[in-house]
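Visitor: There's a structure below that I have some questions on.
The values are calculated or read from the model by the stated rules, or taken from the named source; none is laboratory data. The structure presented is a predicted model; accordingly, all values stated were derived computationally and were not measured. Please note: Cβ atoms are built from the backbone with ideal geometry, for glycine as well, and neighbour counts cover all protein chains shown. Surface accessibility is based on the protein's heavy atoms, side chains included, excluding ligands, DNA and RNA. Shrake-Rupley method; radii C 1.70, N 1.55, O 1.52, S 1.80 Å.
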Amino acid sequence: YGEANSELAHKLLHTHYRHKEGDYLGCHVLKKSDSAFITREFEICVCDKCAQKGSKELYVDTIKSVKDQHMESFVKVRSIRLRENHPGEDIHVTLDGTLINSKNLENIYKSIKGQH
């Protein structure tokens, strides 16, 4: 390598580090978007209009159902608060941004499988 800090020594021995997002499997980085397990996201509106229809209870029950089915790593449940004049007569629930029937949350697994 010649002497310490020579150009050749620097080229061969020095490394550079960069932070990478995602999970590591061997040398391949698996990002959530292309991993074997896709993370799905439910959003449940808890505005006053939806709360009167039971959205807060639905939110709590959905989180419990996800935990009971050991799906916490694959399913995220969020509450949102839309304006009172949002469309629909049902509780406003979305799966990955697509409006779904709140009755579909009775079986989380089936509702996810039905949304391909």
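Visitor: Just wondering, is there one or more residues in the range 76-85 that are modelled with pLDDT under 90 and hydrophobic (A, V, I, L, M, F, W, C)?
Guide: yes
Visitor: Where residues in the range 86-96 are touching a residue at least 12 places away in the same chain (Cβ under 8 Å), out of contact with any Ser or Thr (no Cβ under 7 Å at 6 or more places or on another chain) and open to solvent by 20 Å² or more (accessible area, probe 1.4 Å), which of them is farthest from K53 (Cα to Cα)?
Guide: For the range 86-96, the residue satisfying everything is D96.
Visitor: Right, another one. Go through L95, L82 for me and flag whichever is within 10 Å of F42 (Cα to Cα) and hydrophobic (A, V, I, L, M, F, W, C).
Guide: L95
Visitor: How about the range 23-60: which of its residues are at positive phi and either open to solvent by less than 40 Å² (accessible area, probe 1.4 Å) or modelled with pLDDT of 90 or more (or both)?
Guide: Listed by number, the list holds a single entry, G54.
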